[in-house]
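A short worksheet on the structure shown next.
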Amino acid sequence: MNKKAIIYWMFFLIISCEDDCPCREVREKIDIPINVLEDYKSVPNDYCCILRLAMKKDKESVRKISLLDFSDGFIYEHGNTLLELIHYIGEDNYIRAIKNISKKDKQKIEIYLKAGIDFSKDEKFNNKNISEIYSNLGKFLNE
């Protein structure tokens, strides 16, 4: 390998690690499925950055992460991440952040959460419905 190639590789590795730092910080507290990361790694829609701000109870970030568009299997993984986010920031903080969303957006979040419950391996979510886990959120989503 020539010197230029080695320097390029080192530069690439340093940049890659720096880009992943927000993800490592977030993943220590909330499980983020790798498939989700691959779809939302580009700036400005960096999934980890949005989730990190949401974990700090930033209302706009909570709303943004809750309403990202996913399809197919990603809804299960993203729904699981939302369940963990709600558990992390608290149900009331979550509801305050999404309080002005439309009926359509409520339905979207409900779909994500139901899929997340099906996907989750965590006992606090398994074999339950949204209202059993988060009673106030269940009521809010059905208003």
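The values are calculated or read from the model by the stated rules, or taken from the named source; none is laboratory data. Owing to the predicted nature of the structure, the values given are computational and were not obtained by experimental measurement. Please note: Cβ atoms are built from the backbone with ideal geometry, for glycine as well, and neighbour counts cover all protein chains shown.
Numbers below:
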| quantity | calculated |
| --- | --- |
| Answer residue from region 96-136, given it is of a type in the set (A, V, I, L, M, F, W, C) and closer than 16 Å to residue 64 by Cβ and is farthest from the chain's Cα centre (by Cα) among those | 101 |
| Any chance residue 57 is at pLDDT 90 or above and assigned to a helix (DSSP H, G or I) | no |
| Residues being closer than 14 Å to residue 86 by Cβ and surrounded by fewer than 19 Cβ atoms within 10 Å (Cβ to Cβ) - total across region 111-128 | 4 |
| Unmet requirement for residue 123, which otherwise passes all of (1) without any contact (Cβ under 8 Å) to a residue 12 or more places away in the chain; (2) within 22 Å of residue 57 (Cβ to Cβ) | (2) |
| Helices (runs of 4 or more DSSP H) contained in region 67-143 and holding at least 3 residues modelled with pLDDT under 95 and under 19 Å from residue 30 (Cβ atoms) | 74-89, 103-119 |
